[in-house]
């Protein structure tokens, strides 16, 4: 079952500096990260409940360019950084992939992955990917190991009410993607992930799809509006916006 937007991968030259900038300018605290030794990449994470932002950098270009995560990260860094790819969480990866493939999806067979944290603990997961990842491509599906670091009931409980410097818990509300062809993108996302889009109340030709309690929005790319938009909610009195790390950030007050 698809649970929601798992995480958003943002390519940055220096994940530590990027995390510091998000904390300084938006009040979002990073709480860890590590190295993908087999992928040539390293990261810092910003938890938003069970969703998170992953700021990814490259420590070995040759290795990264040949790896599933490093390749879209390096391509995005080469054009200035920003959204590299994104993921949808599932708790039944094999079943979801099988059903989507029958319906015409080009998702590949599930593969395993891991990341070693600075404290030495391993985070483990399984993923299924489309043939190519990128900001204009379908997302990958991910199923986290509930017995590995960061995904035990204790870990999830500890971060569910994490208080960010902005003033309290922060949640990922929506991911907004600029695209060149709305109709073609809708068909690709429907085939790859099963997401079904409807006209968005935001107007402007945008389309929305629900995944779990979150929204994936696609909008026509016009002029300089080429950045992905990360929409968050937080316990703040007034909305905030910022242009950081190749993305536009919109934080709106959380409703009770």
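Readers should treat all values here as calculations from the given coordinates under stated rules, not as data from a laboratory. This is a predicted model, so every value here is computed, not measured. Note that each Cβ is placed from the backbone with ideal geometry, even for glycine, and that neighbours are counted across all protein chains shown.
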Cα centroid of the range 69-118 to Cα centroid of the range 161-219, whole Å: 17
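Which of the three applies to the range 211-256, rounded, prolate or oblate, going by the alpha-carbon gyration tensor with a ≥ b ≥ c and a/c under 1.5 meaning rounded?
oblate
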Percent relative contact order for the range 1-124, counting Cα pairs under 8 Å at least six residues apart, stands at 32
First check a/c for the range 1-120, with a ≥ b ≥ c the square roots of the eigenvalues of its C-alpha gyration tensor; if it is under 1.5, answer rounded, and if not, answer prolate when a/b is larger than b/c or oblate otherwise. prolate
Within the chain, the percent of DSSP beta bridges that are antiparallel, given to the nearest 5, stands at 70
Can you pull the Kirkwood radius for the chain, inverse mean 1/r over Cα pairs, to one decimal in Å? 18.4
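Provide the FRET efficiency to the nearest 0.05 for the residue 161-residue 60 pair, computing r from the beta carbons and using R0 = 30 Å.
0.20
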Please state the shape class of the range 107-226: rounded when a/c is under 1.5, otherwise prolate if a/b exceeds b/c and oblate if not, all from the C-alpha gyration tensor. oblate
Computed, not fitted: 222 nm per-residue ellipticity of the chain from DSSP H runs ≥ 4 (each -39500 (n - 2.57)), nearest 500, equal to -6500 deg cm²/dmol
Where a label projected 7 Å from the Cα of residue 254 along Cα→Cβ would reach, residues of the range 169-185 with amide N under 11 Å: 169-172
Counting DSSP beta bridges in the range 171-253, what percent are antiparallel, to the nearest 5? 60
Whole-Å semi-axes of the ellipsoid equivalent to the range 13-58 (Cα gyration tensor, √5λ, descending): 19, 13, 6
Convex hull volume of the range 171-253 per residue (C-alpha atoms, cubic angstrom): 106
Above 19 angstrom, tally the Cα pairs of the range 44-181 and express them as a % of all pairs, no decimals. 59
